[in-house]
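A short worksheet on the structure shown next.
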Amino acid sequence: MNTARLLEDGVLQLPPEIIGRLNIKPGDVISIEIGKDGVIRLYPKSARIEDVCGMLRPPNNAHVSIEQMDAAVTEEKRLDTLYDRWQSFVGIAEGLPEDFAENHQRHI
């Protein structure tokens, strides 16, 4: 079991093993959480890119190219535009008089 020491100035001195496990260095900020079960957890707040690189994997380890990403964004934008146009049309149609369709049919 590791032990920490509280110094007179309020500084908590952590053992090297804990410092290594948290991957922290002097000056880093640490979050402290006390669970309902009374367990105290320490979390480093200052993550470096090296610490998180590779943590997230795409679903089914599928990788996509920049071109595929661009195509997906373009398609999504196209669908958004179509939806906006449809919403605009529905808004216009909702503002028409109730007998519009009936009167319109008489003139055809």
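No value in this document is a laboratory result; all are computed from the given coordinates. Being a predicted model, the structure only gives us computed values, none of them experimental. Because the Cβ atoms are built from the backbone with ideal geometry, glycine has one as well, and the counts that use them run over all protein chains shown.
Could you grab the relative contact order for segment 5-52? Cα pairs under 8 Å, six or more apart, rounded to a whole percent.
Values: 36 pairs, mean separation 12.0, N = 48.
This gives 25 percent for segment 5-52.
Taking H placed 1.01 Å from N in the peptide plane, check which residues at least 5 places from Ile30 or on another chain put their amide H under 5 Å from its amide H.
Lys45
Using the Cβ atoms and a cut-off under 15 Å, what net charge is assigned to the surroundings of Lys77, where Lys and Arg are +1 and Asp and Glu are -1? Don't skip to the end; give the middle numbers.
Working: positive: Arg78, Arg85; negative: Asp70, Glu75, Glu76, Asp80, Asp84.
Result for the local shell: -3.
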